[in-house]
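Data first, discussion second: the structure below is written as structure tokens.
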Amino acid sequence: MRHLLGIAGLSRESLDLILQNAEQLLDVSRRDIKKVPTLRGRTIINMFLEASTRTRGSFEIAGKRLSADVVNIGGNDSSISKGETLLDTARNLEAMAPDILVVRHQESGAPHLLAKWLKTTSVINAGDGMHEHPTQALLDALSLKQHFAKQDRGIEGLRVTFVGDIFHSRVVRSNMLLHRLLGNHVTLVAPPTLLPLGKAWQESYPGIKVSHSLSEGLEGADVVYCLRMQLERMSDFYVPTLNEYSREFCVSERWLTRYAPNCVVMHPGPMNRGTEIASDVADGPRSLIGNQVENGVAIRMAILYLLTQQEIKMEALNVAVE
Ligand code: NCD
């Protein structure tokens with residue numbers, strides 16, 4: 001049985017295999033008739049117990065473009081709202097013989113729990129709490145691959161700066177694991193309250209730079225990745241006001257022209273314009289944000305395809321569960 005629970009444990013070979021498959025599958029979405037029969041007869045259940053537009057929409061579209069039968073279950077319309085446990089809900093869904101269960105959950109580790117106990121269903125992590133969001137990091141990698149290929153560069157040796165609410169972000173955790181795999185230089189920029197605390201955390205990412213100053217963190221970056229203030233995950237006040245935060249950390253063209261004139265800019269969405277990213281950047285020529293969304297469908301098609309192909313050896317996706 002195979003799952004995609006995180007970027008943790010993913011090998012370089014598996015990453016390349018996923019990106020190659022996604023590049024081929026991009027074409028399906030550009031055709032008049034956007035459908036191939038690859039997953040005919042397969043059933044995919046998308047269980048999104050937390051808000052989502054891009055990830056949920058693109059998982060559904062990805063499954064349908066591959067001709068799978070796709071069932072969507074949300075938080076309020078599932079029996080979890082009646083007190084059933086996540087595991088009981090998942091076991092009941094498994095009794096209906098799906099091939100893949102895609103899970104988004106507000107608790108870190110929820111998909112790992114399901115992967116441990118479900119017997120016949122592959123689990124895909126579509127975002128678990130503050131932990132990981134592997135398909136986001138993969139679609140980001142594809143967007144960078146396409147961009148840097150135009151300059152005859154690969155996606156190794158890049159200088160990548162993440163700006164914003166690092167502490168609450170599963171996107172940055174998956175991305176940091178991916179950039180570590182690629183040997184890239186990562187800088188984190190945030191006020192001290194929005195950075196994970198503890199030495200152990202920083203030591204697990206050797207070479208990582210941390211800065212509380214936007215100008216310092218942007219200096220020479222190839223890629224600037226903006227992160228949303230994830231207010232729904234905050235139980236306390238982490239910044240005095242959003243206005244004060246954005247005065248120091250909102251990424252605008254003025255900062256980029258001065259400190260990182262050649263960079264491209266990414267954002268996982270949803271964007272809060274004027275808080276973490278200015279419109280002149282979001283809608284400007286450096287923005288890869290539209291490409292990220294387009295690539296999200298292809299990456300999810302590739303993952304759905306690869307997890308259903310028994311003959312493909314993807315050791316790294318074979319997350320060991322006790
Ligand atoms: C992210 C998420 O849900 O983790 N969004 C996404 O999936 N595209 C980031 C966020 O919510 O800020």
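The values are calculated or read from the model by the stated rules, or taken from the named source; none is laboratory data. Every value quoted in this text rests on a predicted model; they were computed, and no experiment measured them. Here the Cβ positions follow ideal geometry from the backbone for every residue, glycine too, while neighbour counts run over all protein chains shown. The accessibility values were calculated without ligands, DNA or RNA, using every heavy atom of the protein model including side chains. Shrake-Rupley method; radii C 1.70, N 1.55, O 1.52, S 1.80 Å.
The table for this structure:
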quantity: Hits in the range 216-230 - residues which are touching a helix residue (DSSP H, G or I) at 6+ places or on another chain (Cβ under 6 Å) and open to solvent by 10 Å² or more (accessible area, probe 1.4 Å); calculated: E219
quantity: Condition check for K34: part of a loop (DSSP other than H, G, I, E, B) and of a type in the set (D, E, K, R); calculated: yes
quantity: Residue match in the range 21-43 (condition: within 16 Å of the ligand (Cβ to nearest atom), under 16 Å from L306 (Cα atoms) and either open to solvent by less than 50 Å² (accessible area, probe 1.4 Å) or of a type in the set (G, A, S) (or both)); calculated: no
quantity: Count - residues of the range 264-281 that are buried (at least 20 other Cβ atoms within 10 Å of the Cβ), outside any strand (DSSP E or B) and more than 14 Å from the ligand (Cβ to nearest atom); calculated: 2
quantity: Residue that is most open to solvent (accessible area, probe 1.4 Å) [pool: residues in the range 53-105 that are part of a loop (DSSP other than H, G, I, E, B), modelled with pLDDT of 95 or more and farther than 30 Å from M271 by Cα]; calculated: M96
quantity: Selected residue [of a type outside the set (G, A, S), open to solvent by 30 Å² or more (accessible area, probe 1.4 Å), in contact (Cβ under 8 Å) with a residue 60 or more places away in the chain and not in a loop (DSSP other than H, G, I, E, B)] from E13, E50; calculated: E13
quantity: Sole residue being closer than 29 Å to R12 by Cβ, within 15 Å of the ligand (Cβ to nearest atom) and surrounded by fewer than 22 Cβ atoms within 10 Å (Cβ to Cβ), chosen from I208, I166; calculated: I166
quantity: From R258, R233, residue being out of contact with any strand residue (DSSP E or B) (no Cβ under 7 Å at 6 or more places or on another chain) and open to solvent by 80 Å² or more (accessible area, probe 1.4 Å); calculated: R258
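A quick yes/no check of all residues on (1) in contact with a strand residue (DSSP E or B) (Cβ under 8 Å, 6 or more places away or on another chain); (2) within 16 Å of the ligand (Cβ to nearest atom):
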| residue | (1), (2) |
| --- | --- |
| L101 | yes, no |
| E107 | yes, yes |
| L113 | no, no |
| N125 | yes, yes |
| M130 | no, yes |
| V160 | yes, no |
